[in-house]
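Novice: If you scroll down you'll find the structure; I have some questions about it.
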C-alpha cells in the first residue's frame, strides 16, 4: 500500500479506470459474439443489426481510449467483411 497521498489517489483513479476498461472490453466481446451468432443463423436482418451495434461499440471504445482507434477500425473492417461474405 502506498504511503504518499498522491499515490493513494492514483490507486483509486486507476481502479476506476480498470473497472471501466473491463466493462467496455466485455461489451466488445459480447457484440462480437452476437455478430458471429447472427452470421451462423444466416438471417440477413439480424446480421446487419449486429454489425451496426458492433461498429458503434468499437467506435465508442476508441473514443473512450479503451482501445486504439486503429484497432477499432481494423476490427470493424474484418467484421464487415465476414458479415458481407455470409450474406
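Values quoted throughout were computed directly from the atomic coordinates according to the rules given, and no laboratory measurement underlies them. Since the structure is predicted, the reported quantities are computational estimates derived from the model, not experimental observations. FYI the Cβ positions are ideal-geometry reconstructions off the backbone, even for glycines, and counts take in every protein chain you see.
Novice: Helix-only estimate, please: 222 nm mean residue ellipticity of the chain, summing -39500 (n - 2.57) across DSSP H runs of length 4 or more and dividing by its residues, to the nearest 500. Before the final figure, lay out the partial values.
Specialist: On the way: 3 runs with 75 residues, N = 87.
So the calculated ellipticity at 222 nm is -30500 deg cm²/dmol.
Novice: Next question, about the same structure. Fewest Cβ neighbours within 10 Å first, please rank 1, 11 accordingly.
Specialist: Working: 1 5, 11 12.
Fewest-to-most ranking of 1, 11: 1, 11.
Novice: Further, regarding this structure: At a Förster distance of 22 Å, what's the computed FRET efficiency of residue 25 paired with residue 49, Cβ-Cβ distance as r, to 0.05? Let's see the in-between values first.
Specialist: Values: r = 22 Å, r/R0 = 0.99.
Calculated transfer efficiency: 0.50.
Novice: Oh, and also: Quick check: the distance between the Cα centres of region 1-31 and region 35-87, to the nearest angstrom?
Specialist: Each part reduced to its Cα centre gives a spacing of 26 Å.
Novice: Helix 69-86: angle to the longest alpha-carbon principal axis of the chain, degrees 0 to 90, nearest 10?
Specialist: Approximately 20 degrees, to the nearest 10.
Novice: To continue, here is another question. Any chance you could get the radius of gyration and Dmax over the Cα atoms of region 5-86, in Å?
Specialist: Expressed in Å, the Cα Rg and Dmax of region 5-86 come to 15.8, 56.
Novice: Evaluate E = 1/(1 + (r/R0)^6) for residue 85 and residue 33, where r is the Cβ-Cβ distance and R0 equals 22 Å; express this FRET efficiency to the nearest 0.05. Can you show the working numbers first?
Specialist: Working: r = 18 Å, r/R0 = 0.82.
Efficiency computed from Cβ-Cβ geometry: 0.75.
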